Amino acid sequence: MVAALLISDSRPRESTQSEMPRKGAYHIANSSPEEGLSIRQHKDYSYPACLASMLAFLAICLIIIACTFPWKHMKEELKNVREDGSEFDKFDGSRLTSPKTTDPDFHARSDDDTNKRHKSKSTVPPQLETVKPTVTATDVDENTTTLSHQSSIVPTTTKKEHDDDYGDVAEEGSAKSSKNEEIADAVSEATTVGAENTTEEIKSSSSSVAATTEATIASAKVTETTVEAKEQDVQTSSVSASTTSSTISSVSAVSSASTDPTPKMQGDQTSNSDHDSRCPSQLCSTIASRQLSLMNVDANPCDDFYEYACGSLRISRNLAEPNPDAQVNEKLRMAIKKVDMQNRSVPLRHRFFKSFYQDCLDYENNFNYKERLNKAKTILQSVGTFRDDHADSMTLTDLVAKMLQYNSAPLFDILLDVSEAGRDAPFSIKVVPPLPRNSFFYPNGHFNGGHCFVDTTPPEEENVTMDTLYEKYTECKNNEGSYIDSVGKALREFGTLSDDQGKGEVWMTSTKFGVEELLRSKILTSAQYAEANIRIDAVNKGYEMFTINELQNQYSMLNWTDLLTKVVAVNNSTLINDKIAIQVYSKSYITELFNQLDINSAEAALYNAILAMFWHTLYTDFVVAKGNCDRPNFCTFAAQRFMDDAASSLYLSEFDSAAMTTIHAQVREMFRKETTLLATRIRHSPQIKDETEKDKLIEKLENMRIEISGNRKPGPEIYIVEKDLQEDYFSKAIRLLKRRRQRMYSDYRLGRKPDKASQIWSHFSLPTLTNANAVYGLNAVLVPQGLIANKYIQGAPEYINMGILGTIIAHEIIHHFDSTGVDYNADGKRSTAVTTQNENIFQDLTTQLDQQFSFQKSYNLGNGRFADFNIHSELSQNERFADIAAIDVAYEVIKKGLEHESEDESYLNLPYVNYNQSKSFFLAHAQTFCTKKEFLDFRVKLYEGEHLPPQIRVDMIMRNSRYFIKTFACPPRKTQSFQDILQTDD
């Protein structure tokens, strides 16, 4: 390379503007002005000479590369591939054959190499480079689920040590990566295939995709030269999938997904030569790309299936975690925009919903702090005033009733539920411990543990004892000093102090002490009856029946007849009498709480403490500024919480009615197939010998029903009128708090039954929710539209939808036969469905499930760190029972289709993958649990929730599925499941 360089003299020299060098003119030092002028008058050729030298150098490099490239070898390889029947020149999208490798070591690596690799969590071997596609999100269709995430398939990361210690020890699986030449050939041929089938629209969008292209597959290695040589092909083969009736985001770079994405896996293999038929649609390409993008193919599926199915999501910056709630909020905001506030024919609740949402957005901009404070004062005066022992004011019963009417539950809550008489009887009243909340908007406020969760984050370099972390979290949550100070600040801001400052300070101290005593009573009660036990009673229907007189005798601090008449019956005393039966949940907790209150609190002090806590909630929710950060999401959530009925009908209005009906019919067919399968299994079960018992269980299945979505047409307008639209945000919020309770209690007052659609989709679920649930007393499975829209993929292969949504439905069906559901018959009456003769069969299952987590477990965090934990086995027992059985039920429904996939287009294998449909089914199910959260992020839910962390949950499901074990050739399980009871010799 030639360059003109001149060394300047170090002596200073004056210069003028005209003497400044121009491009291509090099200043000559130490020359006279005349010499310099003479030199500048001659044309300078040094710059073009430099460019010419560089071009010559690059040309020589290209000639050398061309001479040394193995053209003959590539030609032979291409010939071998074509002879194998891979018709790449005339590829029609229906088949893609993996190229053969000529590397003799590819199938002959030692087991030692394999075992070394599987001892670590690694997404990509460090010696391999990767080429990843960019996945672009598009607008989603309104009827089905969304894979709306940017996908980069298996990005490079460092290896992490992995050894799963919390379950059975599985054998090491063998997983192999492809060699350089094989992958280069595959990329070349696959991109050629994609180019021949790419539409003009796809070509036009490929340029932006190519700018960020990286490897789709973890085992791909492509040298820089090969990437340059194939760049144009990769660009033209990028595919942006677009479906007519599914909400699937665009996925690009089909070519990179065409390479062999995974190493050879254990178990049943579906090689490309075994089943040439592949799903040809762009939707299937999208599903395959998303499925592959989440996987860590270097993990052993038998050791840690969660890491195998979801490992890349955790470490990739380009992959987004699914957020179904955000998609519901987006739908709602779209519906809000369409509401015409000036049109009286639009349902009032819809206009009120939009008005409340818009007022929420502008609340803090339109009203300053002082104005917000004054509005809150006006409302508080109508709720109640503070008192002392000699004040003639409301009684404690009156205040508790008022709090419940404002959707606040300081001591306990009063709700409605299905009667023990079943779904054909009217609602029953139930008394339950309150949720740990001090906010109208969120179930857990800052003072209920949010900051404590952050404060108990463990150091990254140490092993973790989860029990200790949870104890510290609980201790922090129970330290209410900052909360009490915040209550005092709210009272001062509201001006509740007496005119006599000295007397006012005494009153303030007394009130804060009353709050402290109330909180201490709750804390002492919780120490005797842990929060997990309250949750166990809730999910396991752990209640006792009381009459009004029995309640009065047990908890005499309140007048229960007066309380229930004011709250539930709305002053209709004829509805509340000693004949009615009331469900009291967690009786031990409520009894201990009243005992503590009776010991520690005088009635006046308790009265003032309850009122002070309510005032504090109003102050923090409506007076203290929240800021405009993410205000639209906050206001959408607030509007949903305050007006769930309007949110439901607005959300449903965003879906095409005909398309929704079609999809719902397909979901109902899933349910029908699964209940029919279980009924057949029960009929032929060799373990259930009592025919009468079989008849009861089958009758329960035959009478079980699936409820989908809700009524999209708004019901009658209640508890709001036109003039209410003119109120400000704060006044509307208070009105809606009361309306929420009025709507609920009106169903009891009017004698409505819980099995009607309008009651089901207000008391037990909402169309906007994204999770299904089983209601024992209704003998029903509830599947909200929010779940269907985010899980069901219209037009996807049957085994994909069954793995995603079918397993969820099966899970809820199985709940009706868990340790709680088995006590309810076909009509929802609390009457056992199994006879004493065979009760030990179900008891054995319960015992085995308890034993799974009856001792300390360890979870491998990687990098030599472990997390030890002990949990309430009973809390997660029913969920684990349903999880284990559901996966096999769903698999059995599609088993015949999987065995004869060539005869049914809905069972064609996904393109670009080297595993069969059975493995796609299990991957589809596991990936519904994928999250970017680490195991330690579940350190509270592990102790207080009925669902185990997904890292454990997925592995437990798969290890106990006999079909998974067979498919992936894993070691046999040890735990029996409900399916084993129903097993026949088929």
Open item on the list: Apply the a/c threshold of 1.5 to the C-alpha gyration tensor of the stretch 567-624 and tell me whether it is rounded, prolate or oblate.
Closed with: oblate
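Just by accessible area at a 1.4 angstrom probe, what is the order of E321, E674, E702 from largest to smallest?
Numbers: E321 70, E674 0, E702 135 Å².
Reading off the accessible areas and sorting them downward yields E702, E321, E674.
Taking the stretch 527-671, how many lysine pairs are there with alpha carbons less than 30 Å apart, if each pair must be eight or more places apart or span two chains? If you can, show how the numbers build up before the last one.
Working: K541/K566; K541/K579; K541/K587; K566/K579; K566/K587; K579/K587.
The number of close lysine pairs in the stretch 527-671 is 6.
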Task: Pairwise FRET efficiency - S906 versus H684, Cβ, R0 = 30 Å, nearest 0.05 - done: 0.65
Task: Under-5 Å amide H pairs with D413, H placed in peptide plane, nonlocal only - done: V432
TODO: Assuming a ≥ b ≥ c are the square roots of the Cα gyration tensor eigenvalues, decide whether the stretch 586-699 counts as rounded (a/c under 1.5), prolate (otherwise, with a/b larger than b/c) or oblate.
DONE: oblate
Open item on the list: Leaving ligands and nucleic acids out of the surface, order S510, S281 by accessible area at 1.4 Å, largest first.
Closed with: S510, S281
Open item on the list: Whole angstrom only: what separates the Cα centroid of the stretch 533-606 from the Cα centroid of the stretch 353-420?
Closed with: 22 Å
Task: Ranked order, M466, M394 - accessible area, probe 1.4 Å, largest first - done: M394, M466
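Give the peptides 721-729, 934-942, 425-433 in descending order of average Cβ contacts within 10 Å, highest first.
Working: 721-729: 13.9, 934-942: 18.7, 425-433: 20.3.
The peptides rank, most packed first, as 425-433, 934-942, 721-729.
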- [ ] Could you order peptides 512-518, 340-346, 610-616 by the average number of other Cβ atoms within 10 Å of their residues, highest first?
- [x] 610-616, 512-518, 340-346
Open item on the list: With unit charges on the beta carbons (Lys and Arg positive, Asp and Glu negative) and the dipole taken about the Cα centre of the stretch 684-829, which residue among I698, S758, P686 sits farthest to the positive side?
Closed with: S758
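Ignoring ligands, DNA and RNA, please state the percent of accessible area on the stretch 706-769 from carbon and sulfur, probe 1.4 Å. Please list the in-between numbers first.
On the way: 1380 of 2810 Å².
So the carbon and sulfur contribution to the accessible surface is 49 percent.
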Open item on the list: Could you compute how much accessible surface C67 exposes when probed at 1.4 Å, giving the result in Å² to the nearest 10?
Closed with: 110 Å²
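The values are calculated or read from the model by the stated rules, or taken from the named source; none is laboratory data. Worth saying up front: this structure is predicted, and the values here are computed from it rather than measured. Quick reminder, even Gly has a Cβ in these numbers, built from the backbone with ideal geometry, and neighbours come from all protein chains shown. Side chains are part of the model used for accessible areas, which takes the heavy atoms of the whole protein and leaves out ligands, DNA and RNA. Shrake-Rupley method; radii C 1.70, N 1.55, O 1.52, S 1.80 Å.
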